[in-house]
Structure formats: structure tokens, C-alpha cells
1. Quick one: Kirkwood hydrodynamic radius for segment 151-299, alpha-carbon pairs, angstrom, one decimal?
2. Assuming a strict under-25 Å limit between Cα atoms, what lysine pair count do you get for the chain once near-sequence pairs (fewer than 8 apart, same chain) are dropped?
3. Please give me, ordered by residue number, the trypsin sites (Lys or Arg not before Pro) of segment 26-78 that lie in loop per DSSP and have at most 13 other Cβ atoms within 10 Å.
4. Per 5 Å bin, what percent of the C-alpha pairs of segment 99-196 does each bin hold, from zero upward?
5. Looking at the chain only, what percent of DSSP beta bridges run antiparallel? Nearest 5 please.
6. For the chain, set up a GNM with springs between Cα atoms under 10 Å and report which of 90, 123, 212 has the largest fluctuation.
7. Run through all the Cα pairs of the chain and give the fraction in each 10 Å bin from 0, expressed as whole percent.
8. In degrees, nearest 10, range 0 to 90: what is the angle between the Cα axis of helix 263-273 and the longest Cα principal axis of the chain?
Amino acid sequence: MKLLCTDLDRTLLPNGEQIESALARPLLWHMLNTHDIKLAYVSGRDLGRVLDAIDEYGLQVPDIIVADVGSSIYLPEKNGSWVNSEEWQSTIATDWKGLTGDDIKSLLNEVDGLTRQEPSRQSLLKTSYYFSLDADRELLRRRVENELQSRNVNASLIMSDDLEKQVGLLDVLPRQATKSGAVSFIRAMLGIAQVDTLFAGDSGNDVAALVSGVASVAVANADADTREAIKRDSVSLGTSDSTFQAMGGLPVAGNVELNGNYAAGILEGLMHFRPVWQSDLLEPHWVASALARYPLAKE
């Protein structure tokens, strides 16, 4: 494995209801360092909120940041700042034929059941909405698609749930501007093969990437609907062999087992696709080195 692409909220970030295994993040960071694995955060958050999460949770600074559900790819500058990839922006902009997020909002003004998300969650090539959890999603999707097709707009519609806010989320993106598309772009840019890439996620807007054929893991705290969608779609696409769902129980030196939630699930996925690395986790000196080098997460 040469590249880890991971979602943030409720995948790497322990901000769901389930408990995080305290050892998981130090062990994950040490595993990435030991095997020289590049790191990309792939999030629905905008750049500012990704950087806030890195500070708040003490995350490792990644090599690449994919933000806005795949519609932005940020590369690091030598001065510590981040620059949006013009090549990626130019690539995905062709799908909207010169239209911007504001134009898409105007097209969708008459669609009942949609409420625009906050301005901070909108971007030039992403338009985001809230909808009720009890809405007819297929009907809502058809209405949005009809409006977009009336202008020949090639778009991806990503629906997911914010269980904390108890609301549905809809992101309207250029067709190519998905997490899966962004991961493919990153792989090509870095020259890393599909088999050497792991994608980790937990929710509806991760499903397409989780079943794309890239080695992938759904963390144990993924919701039931997402887990079922992964199982169904991977069978339909013939990608079951590259898709893994963490369950917990990963052994670590000292008679410890990780619970599969958040970073523990990502580690479980790494071990599934690279089982030879299991020897690291079972070596007391290696584990002690991880805890000496990286701060212990609080339960």
C-alpha cells in the first residue's frame, strides 16, 4: 500500500456516537510512517474546516487534501499554504459547460424540499442542500435531475445523512467531481496503482469510492444503510474482492483488540489488504515506538 485516502468525519475523526480505540490513531500514524504511505484527506468539508479538524484532533498533516466532496484538490506549498489544483478545476468545469454554483442554485430554485446549506458550504463548483430525512429521495433525485438535464448539465448527485443534525444532505457536483474521481486523479498524478491505494469511508457520499475497484474499507461504525449499499453495489459492479467492511477485533501486542471504529477500522483495512504488516502490530517494541512518537488519543 502506497497511498491512503480517507474521509474525515466519523471515519478518521471520532465524532460519531461510537467510542474510539485509544491506541488506534498512534498506531495508524506509525504504520503510515513505517511503510512510507502517502496520506490524502478526502472530505465533504471545505479547506478551512479540514484544517480546523487537523488542529482540533491533532491529525497528521496530509500530502494532499480533497475537499468539497471531491470538487477541490489542494496541494501543499513550501510556505505551508495550500493551493487549489487548476488542472482538476479545469477538468471538472467542463461538465457544467461554463455554469457556476450560483447558476445551479437558480436552476433548482423551484425544486420543493430543498434548503440551501450555509454559504461556507457552497463553492464555485459545488452546490449543497439540506432535505428532510423522511423525504422521498428517489422523487427528489428525479426532480433535480430533470432540472439539470433541461440545461444539459452533467452532474453527480450525492445524498447522505447528517445524523447529528437529523437532516439529509444533497451535494450537486460536476459529473467527474466525486470522491472516486478525485482519488483517480490523485493516483494518476502520483503514479500510484489502484492496487496500492486504500480508500476509507463511512457514509453515503463514500459509497461510490468504496465500490470503485480501489482497495477500500468501511469502518465498523458506518451506518447500516451505507454498509448494505456497499454490499449491494460491490456485487453489482463486480468489485466485492476489493471492498472490506471492518468488524473490530484486530489484535495488538499486549492482549489488546481494536474495536474497528474510526482509525481502528482503517488499520483493520490495511491489515486485510496487507496481512504481512500484522507482524508490526504484534511486536511490543513497534507498538511502544508508536506510543512514544505519537500522542495517545483519549477514549
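1. One decimal place: 16.9 Å for the Kirkwood radius.
2. Step by step, the pairs that qualify in the chain add up to 16.
3. 78
4. 2, 12, 22, 22, 17, 11, 7, 6, 1
5. The antiparallel fraction comes to roughly 55 percent.
6. So, out of 90, 123, 212, the one fluctuating most is 90.
7. Whole-percent P(r) values from 0 Å outward: 6, 28, 35, 22, 7, 2, 0.
8. Tilt of helix 263-273: around 80 degrees.
The values are calculated or read from the model by the stated rules, or taken from the named source; none is laboratory data. Quick caveat: nothing in here was measured; it's all calculated off a predicted structure. We place every Cβ from the backbone using ideal geometry, glycine too, and count neighbours over all the protein chains shown. Remember, those area values only see protein heavy atoms, side chains included, never the ligands or the DNA or RNA. Shrake-Rupley method; radii C 1.70, N 1.55, O 1.52, S 1.80 Å.
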